[in-house]
Amino acid sequence: MAKTVLKNILQILIILIFNNFLAQKNPEKLPKNTVNDTISKKDTIVVKKESLEDILRTKAEDQRRDVQKKMTYLNKKAQVKYQDMQIDADYISIDDDKNLIYARGKLDSLGKIIEPVITTQAGKKYETNEFSYNTKTRQAIAFNARTEESEGVIIAKKTKKYNDSVFAMRNADYTTDEYFIKKKDTAADYFMRASNIKLIKTKNKSQIVTGPIQMYIERVPTPLIMPFAILPFSAKRAAGILIPSFGEREDVGFYLNGIGYYQPIGEHFDMKVLADIYTKGSWNLRPQMNYLKKYRYSGTFTADVGTMVRGIKGLDNYTKNSTYRITWNHTQDTKANPFLTFAASVDMVSTKFYNNPLNNNYIFNQNVLNTQQNSTVTLTKRFLKLPVTITGTASYSQNFATGLADLRLPQMNVAINQFYLLKSKTGVRQGLLENITINTGFNLTNFVTTQENELFTKAMWDKMQTGLKNNIAIGTNTTLAKYFTFSLSANVDNALTTKTLNRFYDPVKNVVVDEIDKNLTGYSTFTSTASLQTTLFGMLKFKKGSSIEAIRHMMTPSIGFTYSPDFSSPNFGYYRNYYNANGALTPYSIFEKGIVGSPSSGMVGALGFNIGNNIEMKVKSKKDSTGVKKVKLFESLNLSGNYNFAAKDHPWSVLTINGQSSFFNNKLSVNTSLSLDPYKIIFIPGQDTGIRTEQFGSFSVQGFNIQLSYPLSSELFGEKTDYAKKYSSKGEVRNEKYYFDDDHYARFDQAWTLNVNANYAYSRSLTRLGTKIASVGLDGSIKLTPYWNINGSTHYDMVTKQLAYTRIGFSRDQRSFTINFNWVPFGQYKVYDFFIGIKANILSDALKYKDRSFTQPGAPF
């Protein structure tokens, strides 16, 4: 037993001595603490030491081991793998004593790095010129490191990795330029430069925290300098500070716009609070809440509350106005509940809100021209087995010109779907009886017109009117003599209201007094109509040698007789009389100022007519495959009027002619209307208001309107050029691709659009001269280059001979960001707006630059 043990010890000693001898003879080929790899002579495996927590694997075309200095040197296509990290470089050294791994990129003949060190860890790739990593402390230092995060990349002169979660960077640039990230370009079109950046990574997200940071465009510094920035990189929502834009406006001074904070609230809500601050005392607060529940509903609530200060306190030009705007939009998914739907579109503003805009977007969007604002909240109930739809509505309408507001709260409509009164005997409805249909429903309304400051006060409730209306419509039709359609219809209206009118003349005050009586009163009215219509066709053919083959005329004449009794008759009790200032007995309706309307006065026994026309022309055309092209002379040309047999005077109504047509391949659209009074109007000398006589046949023009619209574009004036076939030379400047002709001029499509609108309107009535309205409007855009665009619009009033609203805009697509400039040079609001915005989602709201100027009405621009 002792001999066996002694024999084994001697064998071990001989092996150790032999290995030591080989190591001293060729220390570079067999480094200390290594074993040979039988697969590759270039690959080695370092035996695990206490300072290492995993096996250190190395590979290179040339590697050397310095035993005395405990150093390993790897040259040419060097690679080190340790835990989840892999380093690929042209040169790598490993210091066993200091636990350091140093890597350097490939050098050219002048000592410049031409290929970077690539470090991959946890699926993330980093590019550096030089890289140093401590295997014991897990800290690293990198020079000229390139780190890609989310949609952007960070390039820092010096980066220190404290651990797997925290990276500190000095003199770093951050950009989201896609071309630069993909190395299609050596220079970013923009970047944000900071002296200090900290990159913080966690399991679910990462973020950048910077000190002072400045935006550079094409390597040129811009005025956008922020004291700090926080950029979160996460698929989940994260709270954070929203960076403002800044600028100057003449009327309100220097400003910060949009400084605020974003905060997600649970799974379905988030909130953003923005503030606008101005040096001359104006301020604005804009909270916004969004909510979303998939397949159920979504909505947004916003408020805009502020104070506009103009001028200098103590001077005549000083004004101070408080304004507000509250909006709420709610949409229910159609699949959530088809039998109960809720929708809201609420937009309530103060009367002077658009006259004191703290947001220039209201000027560019022409919201400052708004004269009315409407809000509606609707709840609709449907039934599976009942043909009934119930709709509840609350609406609010503001008129900025009068300062009055219309409120309907609540309003309910019950609609019963149309149904046939009788069943069909054969399955195919025939005759007047089987085609009888009935439509009916109820409408309950609470309505009030009041001042803004009276909302929901006692004064408003006292003026509130309540009305209930029911309409029953009965109709039927049948075919007569194959070519005629005969129709019968009757309408019955029933109404109830809580307030009626009592009118009398006060001789003491010499005024007509209207008193409102609070009592429940109603009325019923009915009308009946019988009509007959048909369709006639006519064709005029031309000789074979003519370029016009035929003209086709389709006429749709119809006549109808309408009857309704005189509801102003004393028998109904809907009308009363009072003596006016001249002592004349004057009738009035007790429902005149009510919400349910007034019954008509005077008997109606009118025969109405309408003649519809459609005229088309067929012409020869070589461009058309059939050899024939249709040209519409009149898409519609209608003549309508009526004769009232029951009228005591002026039985003929005003005749109306309406026409619609299009020309130049349906590009030029023309709409016209003409009103003719068949009775002669005479004027007393010195009077501008005429008297309508009973003399028939004059047909004086009472109104005329014509509207023209012509959309022009580059496509209408030539075919699109195939530049690849026409020009052989091709090049690229940044991300703009061009083709070049023999003279080296760039060739590309310069697409443009120009919409021309013209309107002329004349109205006269009983006046001597009448009034005219005439204007011409232009709205278009042109692309100077594939990424430069100019757009604008203007309107010229031909009556006042002045330019109305005019806007000019320039926009530039700069790969990863956009530049926009808008200018309103004329009118009450003269303003320019300059905007730079980053396209990347992570920076779309955080990084932008705005410069604005605003001049007071009448001030020189």
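The values are calculated or read from the model by the stated rules, or taken from the named source; none is laboratory data. Because the structure is predicted, anything quoted here is derived from the model rather than measured. Positions of Cβ are backbone-derived with ideal geometry, glycine not excepted, and every protein chain shown enters the neighbour counts.
Among the residues of the range 603-610, are any in a loop (DSSP other than H, G, I, E, B) and at pLDDT 90 or above? Scanning the range 603-610, I find at least one residue that is in a loop (DSSP other than H, G, I, E, B) and at pLDDT 90 or above, so the answer is yes.
If you go through the range 89-109 and keep only what is under 14 Å from Asn144 (Cβ atoms) and surrounded by fewer than 18 Cβ atoms within 10 Å (Cβ to Cβ), you end up with Lys106, Leu107. Listed by position, the strands (runs of 3 or more DSSP E) enclosed by the range 243-362 that each have at least 1 residues that are closer than 25 Å to Ser395 by Cα are 283-293, 297-310, 319-332, 340-349. Would you check which residues across the range 56-75 are within 59 Å of the chain's Cα centre (by Cα) and not in a strand (DSSP E or B) and list them? If the condition is that a residue be within 59 Å of the chain's Cα centre (by Cα) and not in a strand (DSSP E or B), then Ala60 is the only one that fits. Under the condition of being surrounded by fewer than 20 Cβ atoms within 10 Å (Cβ to Cβ) and modelled with pLDDT of 65 or more, the residues counted in the range 816-850 number 13. Consider Asn163 carefully, then state whether it is farther than 22 Å from Phe228 by Cα, at pLDDT 85 or above and not basic (Lys, Arg). In short, no. With a requirement of 1 or more residues that are over 30 Å from Phe447 (Cα atoms), within 49 Å of the chain's Cα centre (by Cα) and of a type in the set (Asp, Glu), the strands (runs of 3 or more DSSP E) lying completely within the range 471-570 that satisfy it span 548-564.
With respect to being within 23 Å of Ser640 (Cβ to Cβ) and either at pLDDT 85 or above or surrounded by fewer than 16 Cβ atoms within 10 Å (Cβ to Cβ) (or both), Pro711 falls outside the description. Would you mind stating whether Gln702 is out of contact with any helix residue (DSSP H, G or I) (no Cβ under 7 Å at 6 or more places or on another chain), buried (at least 16 other Cβ atoms within 10 Å of the Cβ) and of a type in the set (S, T, N, Q)? Here the answer is yes, as Gln702 does meet what is asked. Filtered by the rule that a residue be surrounded by 15 or more Cβ atoms within 10 Å (Cβ to Cβ) and closer than 22 Å to Leu803 by Cβ, the range 755-777 gives Asn755, Val756, Asn757, Ala758, Asn759, Tyr760, Ala761, Ala774, Ser775, Val776, Gly777. A count restricted to the range 82-94 and to residues that are part of a strand (DSSP E or B) and at pLDDT below 90 stands at 2.
Set side by side, the residues Ile39, Ile45 differ, and just one is farther than 25 Å from Asn129 by Cα, over 57 Å from the mean Cα position of the chain (by Cα), assigned to a strand (DSSP E or B) and modelled with pLDDT under 90, which is Ile45.
Filtering the range 601-624 for residues that are out of contact with any strand residue (DSSP E or B) (no Cβ under 6 Å at 6 or more places or on another chain), within 30 Å of Asp517 (Cβ to Cβ), crowded, with 16+ Cβ neighbours inside 10 Å and of a type in the set (Ser, Thr, Tyr) leaves an empty set. From the list Leu712, Leu716, Leu708, Leu674, the lone residue that is of a type in the set (A, V, I, L, M), touching a residue at least 24 places away in the same chain (Cβ under 8 Å), out of contact with any strand residue (DSSP E or B) (no Cβ under 8 Å at 6 or more places or on another chain) and not in a loop (DSSP other than H, G, I, E, B) is Leu716.
Can you find a residue that is within 22 Å of Phe180 (Cα to Cα), surrounded by fewer than 18 Cβ atoms within 10 Å (Cβ to Cβ) and among the β-branched types (Val, Ile, Thr) anywhere in the range 123-144? No, because not a single residue in the range 123-144 is within 22 Å of Phe180 (Cα to Cα), surrounded by fewer than 18 Cβ atoms within 10 Å (Cβ to Cβ) and among the β-branched types (Val, Ile, Thr).
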